[in-house]
Amino acid sequence: MVVRSTAAPPTPWSKDLAEPKIHESAYVHSFSNLIGDVTVCEHVLISPGTSIRADEGAPFHIGAATNIQDGVVIHGLEQGRVVGADGHDYSVWIGDRSCITHMALVHGPAYIGNDCFVGFRSTVFNARIGDGCVIMMHALVQDVDIPPGKYVPSGAVITNQQQVERLSNVTEADRAFAKQVVEINEALREVSPGATNNGSRIAANQQPTPSSSTNTSGTSEHQSVGNMSLNGDLYNQVRGLAAQGCTFTAEYANKRRFKTKSWLSAGFVEGHSADQIIGNLNRVLADHAGEYVQLIAVAPNSKSRAAEIVVQRPGDSAPVQTSTTASYSNNGNRSNGTSAGSQAAAVGGDLTSQIHALASQGCSFTAEHANTRRFKTQSWLSAGFVEGHSAEQIITNVNGLLGQYPNEYVQVIAVDPHSKFRVAELIVQRPGETGTLSTKATASARRSGNKVVNTASGGDVAGQIAALASQGCSFTAEHASTRRFKTQSWLGAGFVEGHSANQILANIQAIAAQFPNEYVQLIAVDPNSKTRAAEIIIQRPGNNAPVQTATATSSFSGGTKAAPSSNGFGGHSSGSLSGDVVSKVRSLLMQGYKIGTEHADKRRFRVKSWSSCGTIDSTQEAEVLRHLEGCLQEHSGEYVRMIGVDEAAKRRVLEEIIQRP
């Protein structure tokens, strides 16, 4: 026979209990549990799943603007009291502006002062915590009196006063962490501002005190995240996350969806620097005016969310551009222009350089379109495949699609050829925009009088430098005369300072101006291995530089850019090599690696069955390039890939397709 009983039977102390006294401006979630003589002051936030039971030890006091997060348990013994700040006895006293975080246990007798922080799953029992203390995660504080401003580290067990004397003081970093945790949880208040005690869950044997629900605003000391639209704090956060290599996406929700946390995706927020990310985020905010918008930072290694930042709420003012994006003119000077609402942001060199980079990785491309209504619900319609073996062909076909869908959103999808997953989603057109993507990141360069930084596609170089800088690379410069260049006898030109691609480009241009009529190259150094990650020649003494000296990008080459070939890698159909391949050959040889080739026809390529062409024994760059060109000619109409081999470790360090049918 099944025996049924109540899930939580009343305790012997639960008879004739006093009723909770909840200020009308406090927010108490309906899934929380308040029992007994509990005083909840103004602007307190009590999250779902909390249990605050003053049925044995009483009374409890929760001070103004205090934050009680999900899963917190507050209870007290029948015996034992502490003296509160008002001079009366309490089983549990929690001061003003304190934060008790997820799954923490506060068991009376206990006193927690003002502006305190109790971390996740920490326990405070029979203790007194002074004002401004920070207790981190999984800590136990028992039978002690902690003076104000002390820091209890994670996992600490503090059970005697000698341990208290060894505690360190709270730092600004600790306060910043506590503030961040509080602000994230404060978003819950926006769901139902001004909720009163008639929304709280009272024990079954008690009736709530009738109270009118009044909408009141928070005090200045207890503001929630609020309008964070592109203020300085958000800019610094984005800059820090971008420096860690995080990628960014955005989500939006109307008021109804926000209450249930049913966010809709607003796509990727592209950009290599904080300025670019903020500029693209501005466009998302404009697209979803009057709605909640949050920015998601995704960690590059774990692929988990590193941060969730609410940047817009209904009623917020229009976003403000904190910084302007920069492009580089043909003579290398910087020109400023805002990205918010401008056509250039949609069809500028940044998108073009991204498509170039994705195409060089072998990605395939599709397109999607949506009208304004469908865009809000992310109901994209397919516009088919975007054909093309080179970035120029792909961009040309994308431009054709833009003409087919005027006044609609159009996005280009890059698909990884191996995993078949989307690696990028680039919105290339929005309603009200007209124009086409350029096949180059900027217009063809006109030669400047001093020949400094003759750029053909400066945005591509800026993108490369931004990517290298985001990986933590440091930069140096080298220069060489024509004679020294032939023997690769470069001379150091010092470090290139800068925290962004724009600063690095400006400084390298200044260095190039010091060495007119000489070769100047920028070196990126990997911070971990201390090896060269990239070499980019940014200045040549004229247009007569040898072909094999072209670098990973022709962006700063003074010569005419070769027309795209059918193999999609910038080389001519006769088997000549692109600058990207030449640069990688040089880099491999400088690191002591051997170079080989493999080939496959279309059928074998589908099953990854490559045939070896052998290893090139020479370590001379010109001879290796000659062998590679011969291999391309010998296997014309087939796939050919270059292999870099570390003979000491018996492993491949590079596999790159250098020719396609």
Close pairs from the range 586-601: first in the same structural domain as Q633 (by TED's automatic domain parsing), partner buried (at least 19 other Cβ atoms within 10 Å of the Cβ) and among the basic types (K, R), Cβ under 6 Å, at least 6 apart: E598/R641
Entirely in the range 265-364, the helices (runs of 4 or more DSSP H) that have 3 or more residues that are assigned by TED's automatic domain parsing to the domain that holds A250 and at pLDDT 75 or above: 274-287
Residue check for I465: modelled with pLDDT of 85 or more and closer than 30 Å to A622 by Cβ: no
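Can you tell which of A139, A104, A127, A110 is within 35 Å of the chain's Cα centre (by Cα) and farther than 17 Å from V182 by Cα? So that I can check it myself, show each step before the final result.
On the way: A104 fails: farther than 17 Å from V182 by Cα; A127 fails: within 35 Å of the chain's Cα centre (by Cα); A110 fails: within 35 Å of the chain's Cα centre (by Cα).
Going through A139, A104, A127, A110 in turn, the sole match is A139.
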Subset of the range 245-257 that is of a type in the set (A, V, I, L, M, F, W, C) and at pLDDT 85 or above - its residue that is nearest to G432 (Cα to Cα): A250
Number of the exception - V106 against (1) closer than 23 Å to T39 by Cα; (2) buried (at least 18 other Cβ atoms within 10 Å of the Cβ); (3) at pLDDT below 95: (3)
Conditions (1) out of contact with any Cys (no Cβ under 9 Å at 6 or more places or on another chain); (2) modelled with pLDDT of 90 or more; number of the one not met by R175: (2)
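Here is a yes/no grid of residues against (1) farther than 18 Å from V152 by Cβ; (2) of a type in the set (S, T, N, Q):
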{"position": "S51", "(1), (2)": "yes, yes"}
{"position": "I68", "(1), (2)": "yes, no"}
{"position": "H88", "(1), (2)": "yes, no"}
{"position": "H107", "(1), (2)": "no, no"}
{"position": "R121", "(1), (2)": "no, no"}
{"position": "G130", "(1), (2)": "no, no"}
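Residues are listed down the side, and each one gets a yes or a no for (1) surrounded by 16 or more Cβ atoms within 10 Å (Cβ to Cβ); (2) in contact with a Cys (Cβ under 8 Å, 6 or more places away or on another chain); (3) free of Cβ contacts under 8 Å to residues at least 12 places away in the same chain; (4) not hydrophobic (A, V, I, L, M, F, W, C):
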site: T366; (1), (2), (3), (4): no, no, no, yes
site: F375; (1), (2), (3), (4): yes, no, no, no
site: W380; (1), (2), (3), (4): yes, no, no, no
site: T396; (1), (2), (3), (4): yes, no, no, yes
site: V410; (1), (2), (3), (4): yes, no, no, no
site: L426; (1), (2), (3), (4): yes, no, no, no
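Quick grid of which residues meet (1) in contact (Cβ under 8 Å) with a residue 12 or more places away in the chain; (2) under 19 Å from P431 (Cβ atoms):
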site	(1), (2)
A266	yes, yes
L281	yes, yes
L285	yes, yes
G290	yes, yes
I296	yes, no
R305	no, no
E308	yes, no
R313	yes, no
Filter result for G614 (among the small types (G, A, S) and over 23 Å from R532 (Cβ atoms)): yes
Selection count, the range 637-660, where residues are surrounded by 15 or more Cβ atoms within 10 Å (Cβ to Cβ) and assigned to a loop (DSSP other than H, G, I, E, B): 2
Filtered residues of the range 597-622 (kept if in a loop (DSSP other than H, G, I, E, B) and either more than 23 Å from G362 (Cβ to Cβ) or out of contact with any strand residue (DSSP E or B) (no Cβ under 6 Å at 6 or more places or on another chain) (or both)): D601, V607, K608, S609, D617, S618, T619, Q620
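The values are calculated or read from the model by the stated rules, or taken from the named source; none is laboratory data. Since this is a predicted model, take the numbers as computed values, not measurements. Every residue, glycine among them, receives a Cβ derived from its backbone with ideal geometry; neighbour counts consider all protein chains shown.
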